[in-house]
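What follows is a short report on a single structure.
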Amino acid sequence: MNVASLFWQFVVGSVRQVLRGNALYWTWVLFLLALIGVGVVAYIHQVQEGLTVTAMRDQVSWGFYIGNFTFLVGVAAAAVILVIPAYVYKWGPIREIAIFGELLAVSAIIMCLLFVFVDIGRPDRFWHLLPPLGVLNFPQSLLAWDVLVLNIYFVLNFVVATILVYCGFVNKRYPKKLVVPLIILSIPMAVSIHTVTAFLYNGLGARPYWNASILAPQFLASAFCSGPAILLIVLQLVRRFTSFEIKNEAIWKIAELMAYAMFFNLFLHGAEIFKEVYSDTEHLLYTRYLYLGIGEMHAVVPYAWTAVCLNITAFLLFVVPATRRNPITLNIGCLAIYAGVYIEKGMGLIIPGLTPDALGEVYEYHPSLNELAVSAGVFAVGFLVFTLMLKVAVPIALGKLRWSGASNEEIPH
Amino acid sequence: MADEGKTRREFLAATGAVAAVGLLSSCLDERLKDVSKEELKSRIAEMEAGYRQKYGKEVKVSDAEPLPGVAFAYALDLSRCVGCRRCTYACREENNISRDGQLFWIRVLEMEKRKGVDFAHANAYYDAEKVPRDGHFYVPVSCQQCDNPPCTKVCPVKATWKEPDGIVTVDYDWCIGCRYCMAACSYGARHFNWKEPELKPEEINGTTHVLGNRPRPKGVVEKCTFCIQRTRAGRYPACVEVCPVGARKFGNLLDPSSEIRYIIEHKRVLILKEELNTMPRFLYFYGT
């Protein structure tokens, strides 16, 4: 049987697998589909009325959508924090679960691209970005760079994940000469999606809060926390609901790496805050808006302090071996990191970057209901994609879903 | 019979070709900057027909090119400006800006004399009936037409650029509405059409320029163009004409006898956010 028809078998098998499931599975899928429905309705309303249905205005011209986009670029790094120990240091326990990181990266990038798409005022002109029909302002515009690196990272993870899962389906060893270089390539690519996304903001002299070179390192540090935080929870769910074995050592190791990343993240934040507060120049204004508010305006202050508290709590829980090994404190830590980084890299980055605006005006931004509905829809698309991919990948990894003609021998890794 | 069959075939082939070309051309629209002069003429004819249909009014769209030997510059006398905001409203009428009350290309800031030009303490929402207020002065801000514009650099689709006469323009038919240019602008000079512009037919100024004040659709960015429709035809911008105290000066930087050159040579000139190296073509000065 040639590869093409084998691959067709794989596709058919995957579709069948996705359409089979218990009540819990279907409840979850229908819930996500309902959320997507809500998002689609809200998005149609936005297209008809314009972005006026959001709370964004000329003063704060980017908001919740771009905040979510930025956060999810960080989540897409999840793959790499697993790939490095698994393939570079050949650490066995993590190797088996690296595939989950790649699938999470694929879902996260889909959400990233969707968040950018729902943010643009003229979605009908999206093709203007795609040469040769359109004009991509490369290498001048960092947004052009971001479009490129995000798509490359997406394709890379999608291809690697597909090969790994497909090889599991036909029960063959994956082609090392092809896969390993691709996996190694995904490491600098993950670094580059963060760096480029940070540079997108970093390069703007008009926005002093972003125009600090600490931004890119901070992006990397927080990304190495948020992606794995989601993954740790997913891994425990997989372990709980399937017979997939995930060793405790793997989970503990990831938690330990996250503690170091979070320390570095907090350190970089502290360094930036010190510079702003001690030098006390006019640029302090944005940091002050984030942490103290300006006059009567302090919409973001509670969020900023919540993020700080969550991040410090998570760091303490993960750096102490006893608490990162205890499943309860481990999961509290994961949720704390997820929420902390979500605030910090989302609204906590975008809003003080734009408030006060270039002429000193403070416009207090709260996402509108319509923005929340569209965003819920985008998240639901991501979760659905992730769910469906796991639905196929987990049984294949367990050897339960295989091509009928495949040998049943166990293939050592 | 044979002939009839042939003509019908030819007719069908021709209609098919026309339909295909029509479909392709809508999908293969180019930036206004890239089209040939003839294509621009036909694009403009389409725009004019579109406006006639939409507003039931003649809107003339000019494609006047930059004048040779002309580089526009603007100077605003801070010692004269009284903050009456007439420029803001004249600009809105001249440039077919939405009347929704949120969108203005000129923002006049009230500042405290003891603090100087300080955006952190500026107020854009003062009462224009009560100006000038004691202890305050007024700084109108619109596009500074930077020589080193951060906004055009960041556009992912090259929908905005600086013209040879120094005017930074937007191609409203190419802009995707990502608003990256708004984040990049140091002067809050770029504005977005969050909704369909509110513009009644009787309010429309029918003398427009393709890169300037022609009515815009929702979802794209717009900005001051030094009234490109006027200045390329040898007229002053609307804000210069309306200013009751003569605080606004406009002219050709390359003409040694121009008023703008006189101001640069004889007055002390101030540049907003000079440290950002945007090199504005919009200067502020103290005339008295």
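The values are calculated or read from the model by the stated rules, or taken from the named source; none is laboratory data. This is a predicted model, so every value here is computed, not measured. Cβ sites come from the backbone with ideal geometry, for glycine too, and all protein chains shown count toward neighbours.
Some observations on this one:
- When restricted to residues that are part of a helix (DSSP H, G or I) and either in contact with a helix residue (DSSP H, G or I) (Cβ under 9 Å, 6 or more places away or on another chain) or basic (K, R) (or both), the range B:26-63 contains 7.
- Complete set of residues in the range A:277-289 that are within 14 Å of chain B (Cβ to nearest Cβ), without any contact (Cβ under 8 Å) to a residue 24 or more places away in the chain and in a helix (DSSP H, G or I): A:L284, A:R288
- Some residue of the range A:370-380 being farther than 29 Å from A:F264 by Cβ, β-branched (V, I, T) and either touching a Phe, Trp or Tyr at 6+ places or on another chain (Cβ under 6 Å) or in a helix (DSSP H, G or I) (or both): yes
- Residue within the range B:152-167 that is in contact (Cβ under 8 Å) with a residue 40 or more places away in the chain and under 20 Å from A:L359 (Cα atoms) present: no
- The range A:146-165, residues that are touching a Leu at 6+ places or on another chain (Cβ under 9 Å), among the polar types (S, T, N, Q) and within 19 Å of A:A393 (Cβ to Cβ): A:N157
- Restricting the range B:40-89 to residues that are under 18 Å from the mean Cα position of the chain (by Cα) and of a type in the set (D, E) leaves a set whose member that is surrounded by the fewest Cβ atoms within 10 Å (Cβ to Cβ) is B:E65.
- Lone unmet requirement of (1) surrounded by fewer than 20 Cβ atoms within 10 Å (Cβ to Cβ); (2) in contact (Cβ under 8 Å) with a residue 40 or more places away in the chain; (3) over 19 Å from B:I106 (Cα atoms) for B:Y262: (2)
- Hits in the range B:64-105 - residues which are within 27 Å of B:L283 (Cβ to Cβ), among the small types (G, A, S) and part of a loop (DSSP other than H, G, I, E, B): B:A64, B:G69, B:A71, B:S79, B:G83
- When the range B:154-213 is filtered for residues that are at the interface with chain A (Cβ under 7 Å from one of its Cβ atoms), hydroxyl-bearing (S, T, Y) and touching a helix residue (DSSP H, G or I) at 6+ places or on another chain (Cβ under 6 Å), the ones remaining, listed by number, are B:Y180, B:S186.
- Residues within the range B:214-251 that are aliphatic (A, V, I, L, M), in contact with a strand residue (DSSP E or B) (Cβ under 9 Å, 6 or more places away or on another chain) and more than 14 Å from every other protein chain (Cβ to nearest Cβ), tallied: 6
- Residues (of a type in the set (V, I, T) and in contact (Cβ under 8 Å) with a residue 12 or more places away in the chain) located in the range A:40-77: A:V40, A:V41, A:V47, A:V53, A:T54, A:V60, A:I66, A:T70, A:V73, A:V75
- In the range A:352-368, residue surrounded by the most Cβ atoms within 10 Å (Cβ to Cβ) [restricted to those that are over 22 Å from A:L215 (Cβ atoms) and of a type in the set (D, E, K, R)]: A:E361
- Sub-9 Å Cβ pairs linking a first residue in the range A:168-193 that is closer than 19 Å to A:T70 by Cα to a second residue that is not in a helix (DSSP H, G or I), at least 6 apart or interchain, are A:A190/A:A76; A:A190/A:A77; A:V191/A:A77; A:I193/A:A76; A:I193/A:A77, ordered by first then second residue.
- Within the range A:113-128, the only residue that satisfies the criterion of being surrounded by fewer than 20 Cβ atoms within 10 Å (Cβ to Cβ), more than 9 Å from chain B (Cβ to nearest Cβ) and in contact (Cβ under 8 Å) with a residue 40 or more places away in the chain is A:L113.
- The lone criterion from (1) in contact with a helix residue (DSSP H, G or I) (Cβ under 6 Å, 6 or more places away or on another chain); (2) closer than 22 Å to B:L211 by Cα; (3) within 14 Å of another protein chain (Cβ to nearest Cβ) left unmet by B:R107 is number (1).
- Between A:G101, A:G63, the distinction of being under 30 Å from A:L369 (Cβ atoms) and more than 10 Å from every other protein chain (Cβ to nearest Cβ) belongs to A:G63 only.
- Scanning the range B:113-132 for residues that are touching an Asp or Glu at 6+ places or on another chain (Cβ under 6 Å) and touching a residue at least 24 places away in the same chain (Cβ under 8 Å) turns up just one, B:Y126.
- Flag for B:N123 being of a type in the set (S, T, N, Q), at pLDDT 95 or above and either surrounded by fewer than 18 Cβ atoms within 10 Å (Cβ to Cβ) or touching a Ser or Thr at 6+ places or on another chain (Cβ under 7 Å) (or both): yes
- Residue match in the range A:381-394 (condition: assigned to a loop (DSSP other than H, G, I, E, B) and either surrounded by 19 or more Cβ atoms within 10 Å (Cβ to Cβ) or touching an Asp or Glu at 6+ places or on another chain (Cβ under 6 Å) (or both)): no
- Test for B:G135: is it surrounded by fewer than 23 Cβ atoms within 10 Å (Cβ to Cβ), among the small types (G, A, S), without any contact (Cβ under 8 Å) to a residue 24 or more places away in the chain and away from chain A (no Cβ under 14 Å): yes
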